[in-house]
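Here's the structure we're looking at; comments come further down.
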Amino acid sequence: MAHDAIVAPPTTVLAAPEERIGRTEAKARRREALLEAAARHFAERGFNGVSIEDLGAAVGMSGPAVYRHFESKHALLAAVLVGVSQGLLDGGTLVVSRAPDGELALRALIEFHVRFALDNADVIRVQDRDLDSLSGDERHAVRALQRRYVELWVTVLQHLHPTVDVAELRIKAHATFGLINSTPYSGQGGVEREAVRRILEQMAFAGLR
């Protein structure tokens with residue numbers, strides 16, 4: 001009587017560590033590309049004027065493939081706006097921590113925010129126009145991060161103007177943001193970026209110091 005053949009179980013082939021790292025990095029790059037495309041397209045055509053298919057095509061993938069990275073177009077918008085608000089807070093906190101005194105901290109904050117405005121004109125437009133397209137919880141998250149960023153400025157200003165009411169300092173901070181964040185709408189008329197940067201920094205510092 002013949003014995004039954006013994007069949008070895010299928011072998012699971014595990015990806016090498018470097019291969020897994022490569023896949024993770026590639027996924028992160030695709031996610032970042034989608035965020036950049038979303039900011040650009042939302043700025044140009046508005047949140048409601050852009051489809052998932054448009055965003056996928058912008059980075060060389062199909063519309064359905066976008067859902068591997070974000071569960072919806074709303075999730076992409078939230079990632080853009082929450083992400084930039086967190087980046088402002090983190091970056092501002094870092095530059096203040098490195099400044100030895102109040103005046104240098106103020107200069108560092110102004111320079112940091114001017115660079116942000118010049119580098120992220122699309123995101124500023126999206127924030128201004130499409131914030132209300134977020135869910136209530138997502139808007140709350142953006143606003144909470146922004147309030148903390150404002151208070152970072154107010155704390156620096158308090159060191160320079162200890163006798164000025166905090167409410168007035170907060171108004172000064174918001175007015176400075178309005179000046180700097182107007183850059184995407186200013187129609188720079190061929191003025192070079194370096195000149196725009198210098199003008200904004202000088203005006204902001206003069207208004208706050």
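The values are calculated or read from the model by the stated rules, or taken from the named source; none is laboratory data. Model, not experiment: these values are computed from the prediction. Note that we place each Cβ from the backbone using ideal geometry, even for glycine, and neighbour counts take in every protein chain shown. Heavy atoms of the whole protein, side chains included, go into the accessibility calculation; ligands, DNA and RNA do not. Shrake-Rupley method; radii C 1.70, N 1.55, O 1.52, S 1.80 Å.
Worth a mention:
- Taking the Cα centre of the chain as reference, the dipole from Cβ charges on Lys and Arg (+1) and Asp and Glu (-1) amounts to some 220 debye.
- With distances taken between every two different alpha-carbon atoms, the chain has a Kirkwood hydrodynamic radius of 20.0 Å.
- For residue 194, the accessible area of its heavy atoms, probed at 1.4 Å with every protein chain present, is near 100 square angstrom.
- Note that the range 120-209 presents 57 Å² accessible area per residue, ligands and nucleic acids not counted, probe 1.4 Å.
- The chain - percent of accessible surface contributed by carbon and sulfur, probe 1.4 Å: 54 percent
- Checking every one of the trypsin sites (Lys or Arg not before Pro) in the range 151-205 against DSSP loop status and a limit of 11 other Cβ atoms within 10 Å picks out no site at all.
- Sequentially through the range 164-171, phi angles give Karplus couplings (6.51, -1.76, 1.60; θ = phi - 60°) of 8, 4, 4, 4, 5, 5, 5, 4 Hz, Gly and Pro residues having no value and appearing as x.
- Cα-based helix-to-principal-axis angle, 17-45 vs the chain, degrees rounded to 10: 50 degrees
- Among 55-65, 158-168, the order from most to least packed when residues are scored by Cβ within 10 Å on average: 55-65, 158-168
- Projecting the Cα positions of 43, 113, 133 onto the charge dipole of the chain (unit charges on Cβ atoms of Lys, Arg, Asp and Glu, taken about the Cα centre) puts 113 furthest along the positive direction.
- Compared with the dominant principal axis of the Cα atoms in the chain, helix 136-160 is inclined by about 40°.
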